[in-house]
Amino acid sequence: QVQLVESGGGLVQPGGSLRLSCAASGSIRSIYATGWYRRAPGTQRALVARINGGGSTNYVDSAKGRFTISRDHAKNTVYLQMNSLKPEDTDVYYCKAERAIVVGPGRGDYWGQGTQVSVSS
């Protein structure tokens with residue numbers, strides 16, 4: 001099994017910054033990719049940024065130039081640096097571990113519990 005714990009959300013003024021963290025734990029052998037998603041109440045989760053095992057990244061257009069996804073292998077943590085935040089960035093942000101391989105049963109995708117990002121003056 002894989003446990004994902006997000007942190008770093010909060011309330012920030014427009015133009016401000018936040019850094020979200022997604023810490024993975026458990027009997028993990030490998031994770032193919034980790035992504036950050038967002039979801040407003042009543043909607044489906046939408047990809048914001050993603051980083052794969054090779055370090056390749058991709059971003060939704062609205063995040064390009066403002067957000068940066070990165071990872072620290074030693075800490076098993078993926079970060080989302082969010083700069084120049086706008087009110088429309090307000091949402092719950094989730095991280096997802098894709099195609100995780102673990103010791104024993106439980107191979108698959110895993111989600112964290114989400115962290116609220118609110119951008120308002």
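Summing +1 for each Lys or Arg and -1 for each Asp or Glu among the other residues whose beta-carbon sits under 10 angstrom from that of Tyr37 gives +4. Here the contact order of the chain, divided by its residue count and restricted to Cα pairs under 8 Å and six or more residues apart, works out to 38 percent. Per-residue accessible area (protein heavy atoms, 1.4 Å probe) orders Lys96, Lys75 as Lys75, Lys96, starting from the largest. For the stretch 25-64, just say rounded, prolate or oblate: build the C-alpha gyration tensor, square-root its eigenvalues into a ≥ b ≥ c, call rounded for a/c under 1.5, and beyond that prolate if a/b exceeds b/c, oblate if not. Verdict is oblate for the stretch 25-64.
Within the listed set Arg38, Arg29, Arg66, the Gaussian network model of the chain (springs between alpha-carbon atoms below 10 Å) gives the highest mean-square fluctuation for Arg29.
Comparing the stretch 1-70 with the 2.2 N^0.38 Å rule of thumb, its C-alpha radius of gyration ratio is 1.22 (two decimals). Note on surface exposure: Asp109, Asp61, Asp89 rank Asp61, Asp109, Asp89 by accessible area, highest first, 1.4 Å probe.
Take Thr43: with every protein chain present and a 1.4 Å probe, its accessible area is about 70 Å². Semi-axis lengths, largest first, of the ellipsoid equivalent to the stretch 72-121 are 29, 13, 7 Å, with √(5λ) applied to each eigenvalue of the Cα gyration tensor.
Overall, the accessible surface of the stretch 1-65 at a probe of 1.4 angstrom is composed of carbon and sulfur to the extent of 46 percent. Under 5 Å between amide hydrogens, built in the peptide plane, is the criterion, and for Gly16 it picks out Leu85 among residues at least 5 positions away or on other chains. Divide the volume of the convex hull around the Cα atoms of the chain by the residue count and you get 92 Å³ per residue. Restricted to Cα atoms, the stretch 1-40 shows a radius of gyration and a Dmax of 13.3, 40 angstrom.
The values are calculated or read from the model by the stated rules, or taken from the named source; none is laboratory data. Predicted model, so just to flag it, every value in this text is computed and none were measured. Quick reminder, even Gly has a Cβ in these numbers, built from the backbone with ideal geometry, and neighbours come from all protein chains shown. Note: areas computed on protein heavy atoms with side chains; ligands, DNA, RNA excluded. Shrake-Rupley method; radii C 1.70, N 1.55, O 1.52, S 1.80 Å.
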